[in-house]
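Every number in this text was worked out from the coordinates using simple rules, so none of it is lab data. Quantities reported herein were computed from a predicted structural model and do not represent experimental measurements. Glycine gets a Cβ as well: all are built from the backbone with ideal geometry, and neighbour counts include every protein chain shown.
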Amino acid sequence: MNMIALLPRAPRFLFLGLALGLLASRAEPAEPTAPAAPRDELARAIRELRVVAFVYEGHARTVEPHACGLARSGESVLHGYQTAGGSASGTVPGWRTYALDKIVSLRVTDTRFPGARAGYAADRPRLEPAWAELAAPRPAEKPAVAP
């Protein structure tokens, strides 16, 4: 005899829903990712060399984005050079790494920046995968010294 058929109609659907939920929860966990919209907007800003503005931990910030992806910790991050705005450390301008889930009111501006800044190394912080990143700047050639 089918035990589910003995249940009244409403509990039967509840039982089936719970059973399906348990089966679904046994699936492999998905790779952590950033929500598509902020990730896509940051990738576009990096490709187009556009400055971004957002609020992070209560401070409005203006940033030249250099790389966006997953950190070793599995956290979705943005690595960039903050040119203006506030910071808890009080040191602006400077390099920062931002957790994407803490970025609020992201806006890609019309302002462009010239490319990767001196001091940027594409492999720090290591992002696997990197959704978008700038190539590290070439070292400046040393001027020839006259004999």
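Worth a mention:
- Given R0 = 30 Å, the distance between the Cβ atoms of SER87 and GLU48 translates into a calculated FRET efficiency of 0.75.
- Derived scalar couplings ³J(HN,Hα) [region 43-53; Karplus, 6.51 cos²θ - 1.76 cosθ + 1.60; whole Hz; x for Gly, Pro]: 4, 5, 4, 5, 4, 8, 6, 10, 5, 10, 10
- Residue ranges 60-70, 83-93, 41-51 sort as 60-70, 41-51, 83-93 when ordered by packing (mean number of other C-beta atoms within 10 Å per residue, highest first).
- Within region 36-133: Cβ-based charge dipole about Cα centre, in debye rounded to nearest 20 (Lys, Arg +1; Asp, Glu -1): 160
- Computed over neighbours whose Cβ is under 12 Å from that of THR83, the net charge equals +2, Lys and Arg +1, Asp and Glu -1.
- Using a simple spin-label model with pseudo-atoms 7 Å out from Cα toward Cβ, VAL104 and VAL55 lie 0.4 nm apart.
- Exposure proxy ranking, count of Cβ atoms within 10 Å, fewest first, for PHE54, PHE113: PHE113, PHE54
- Modelled this way, with points 7 Å down the Cα-to-C-beta line, the labels at ALA135 and ARG112 are 1.7 nm from one another.
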